[in-house]
Amino acid sequence: MPKFFVEAARSGEQSDDSVRRVGEFGTREEAIACAKRLIDTLLLAQYRQGMHPRELMARYQAAGEQLAIFQDDDATMNVSGFNPLQYAGQRCQDYCGKKDPS
């Protein structure tokens, strides 16, 4: 049975020690749920009342980590069906309570 790994890389860093393993999961759904929780935690740490969604996203990208979900079989590409940046963008809209006009 394949395993799924959630890994996080610090933005702008390219060395192996800048990547950390967040968790190992038995299903794709568990790995995605972990990634969503991490994104929500990072967004809430950056959120301030009255903030515009675009500003929250910029803060998240500057301070956060880039997430990826991998499967341990011979397919080493990022698992399809979940885009961490799209999820973060949607959550910025949810937290800020207004639509980005651009």
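The values are calculated or read from the model by the stated rules, or taken from the named source; none is laboratory data. Keep in mind that what you see is a predicted model, and the values were worked out from it rather than measured. So basically every Cβ, Gly included, is an ideal-geometry build from the backbone, and we count neighbours across all protein chains shown.
So which of Phe70, Phe82 ends up being in a loop (DSSP other than H, G, I, E, B), modelled with pLDDT of 85 or more and under 30 Å from Gly26 (Cβ atoms)?
Phe82
Determine if the stretch 13-21 includes at least one residue that is within 12 Å of the chain's Cα centre (by Cα), at pLDDT below 85 and among the polar types (S, T, N, Q).
The answer is no, given that none of the residues of the stretch 13-21 is within 12 Å of the chain's Cα centre (by Cα), at pLDDT below 85 and among the polar types (S, T, N, Q).
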